[in-house]
Amino acid sequence: MWIDDLCQACKGRLIGKEILSFSKIDSTNREARDRAKGGAPEGLVILADSQSHGKGRLGRSWESPPGTNLYLSVILRPPVVLSDAPQITLLAGVAAARALSDVSGLKCLIKWPNDILLRGKKLAGILAEMEAEGARVGFVILGIGINVNWRREDFPADLGVKATSLRAESGKEISRAAVAAQLLRELEKEYTAFIREGFSPRLKDEWNRLSWINGKEVTLSLPEGEISGRA
């Protein structure tokens, strides 16, 4: 089973040292939050084959069919002040874009603030939810959903024009264990560096290198009017 391969790949690591797998769950973020409140350790990964109420940003749902994609949440307990917590979403974007590029051989990019794009379509999404303890972070639940082996013909009609998968773009089935292992490896690398160095110039440069919007014409809608220019 691919979960066993993933557990073997994560042995001895901080993130993924313990992986709890569910065939179906309402939300991996909800399960991870409940366990974090109960004292679960940093690095615990909640993984599901499908979700009935997958969570996206701004209250949106995340389509989570079984047997095809990757849905996981990680418990993090960063020793940082509240104002630095949103940077975890950014480092997770770097880790995810790099991991998915490595596994697929395709160029994956970050769309601010929490989407991973492949050939201009949404491949993955990141949702970070925080619980505070006074002025510091108690824990962060980092949820990541990746369209791995969703066939193009199986996408819901409303998603087919704006979403994609590694299989749809590469033309071949991709190992979910390989995707998850590389994702957790890159995430641990960037997270431990962030704890040591903060949002360093290196991390900032890496984020900018992977930013989808660089060089594109954009329009900002502000209270005082619109401003257009090149990002």
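The values are calculated or read from the model by the stated rules, or taken from the named source; none is laboratory data. Only a predicted model underlies this, so the values are computations on that prediction, with no experimental measurement involved. Here the Cβ positions follow ideal geometry from the backbone for every residue, glycine too, while neighbour counts run over all protein chains shown. In case anyone asks, the SASA skips ligands and DNA or RNA and just uses the protein heavy atoms, side chains included. Shrake-Rupley method; radii C 1.70, N 1.55, O 1.52, S 1.80 Å.
Just tell me, in residue order, which DSSP H segments of the chain are both 15 angstrom or longer along the helix axis (alpha-carbon based) and at least 0.5 in mean Kyte-Doolittle hydropathy.
On the way: long enough: 87-104 (26 Å, 1.06); 176-197 (31 Å, -0.23).
Helices passing the filter in the chain: 87-104.
On the first, second and third principal axes, largest extent first, how far apart are the outermost C-alpha atoms of the stretch 100-231 in Å?
Extents along the principal axes, in whole Å: 47, 42, 27.
Tally Lys and Arg at +1 and Asp and Glu at -1 over the other residues with C-beta under 9 Å from the C-beta of residue 167: what net charge comes out? Could the numbers behind the result be given before it?
Details: positive: 151, 152, 172; negative: 169, 173.
My count for the surroundings of residue 167 gives +1.
Run the helix sum for the chain: -39,500 (n - 2.57) per DSSP H stretch of 4+ residues, divided by residue count, reported at 222 nm to the nearest 500 deg cm²/dmol.
On the way: 6 runs with 72 residues, N = 231.
After summing the helix terms and dividing by residue count, I get -9500 deg cm²/dmol.
So what's the gap between the Cα centers of the stretch 197-231 and the stretch 10-37, to the nearest angstrom?
32 Å
In whole percent, what relative contact order does the chain give with Cα contacts below 8 Å and a gap of six or more residues?
Working: 438 pairs, mean separation 45.0, N = 231.
Answer for the chain is 19 percent.
Let me see the pair-distance distribution of the stretch 1-131: every alpha carbon pair, 5 Å bin width, integer percents in order.
Distribution as computed: 2, 10, 18, 22, 25, 17, 6, 1, 0 percent.
Counting only DSSP beta bridges with both residues in the chain, what percent are antiparallel, rounded to the nearest 5? Present the calculation step by step, with values, prior to reporting the outcome.
Values: 37 of 44 bridges.
If I count the DSSP bridges inside the chain, around 85 percent turn out antiparallel.
For the stretch 111-167, what is the accessible area per residue in Å², given a 1.4 Å probe and the full set of protein chains? Spell out each step's value before the answer.
Numbers: 2510 Å² over 57 residues.
Dividing the accessible area of the stretch 111-167 by its residue count gives 44 Å².
What do you reckon, how do 108, 7 stack up by accessible area (1.4 Å probe), largest on top? Numbers along the way, then the final one.
Values: 108 0, 7 50 Å².
Of 108, 7, the descending order of accessible area is 7, 108.
Over the stretch 126-231, what is the mean sequence separation of C-alpha contacts under 8 Å (at least six apart), divided by residue count, expressed as relative contact order in percent? Could the numbers behind the result be given before it?
Values: 81 pairs, mean separation 13.3, N = 106.
Once normalised by length, the contact order is 13 percent.
Given a 1.4 angstrom probe, I'd like the percentage of the accessible area of the stretch 94-205 that is carbon and sulfur, rounded to a whole number.
Numbers: 2370 of 4820 Å².
C and S fraction of accessible area: 49 percent.
Of all the Cα-Cα pairs you can form in the stretch 118-170, what percent are over 13 Å apart? All intermediate terms of the calculation are to be shown ahead of the outcome.
Numbers: 882 of 1378 pairs.
Looking at the stretch 118-170, the distances longer than 13 Å represent 64 percent of pairs.
Which of the lysines could a cross-linker span from residue 122 if the Cα-Cα distance has to be under 21 Å and same-chain partners fewer than 8 positions apart are dropped?
Cross-link targets: 55, 107, 111, 162, 172, 216.
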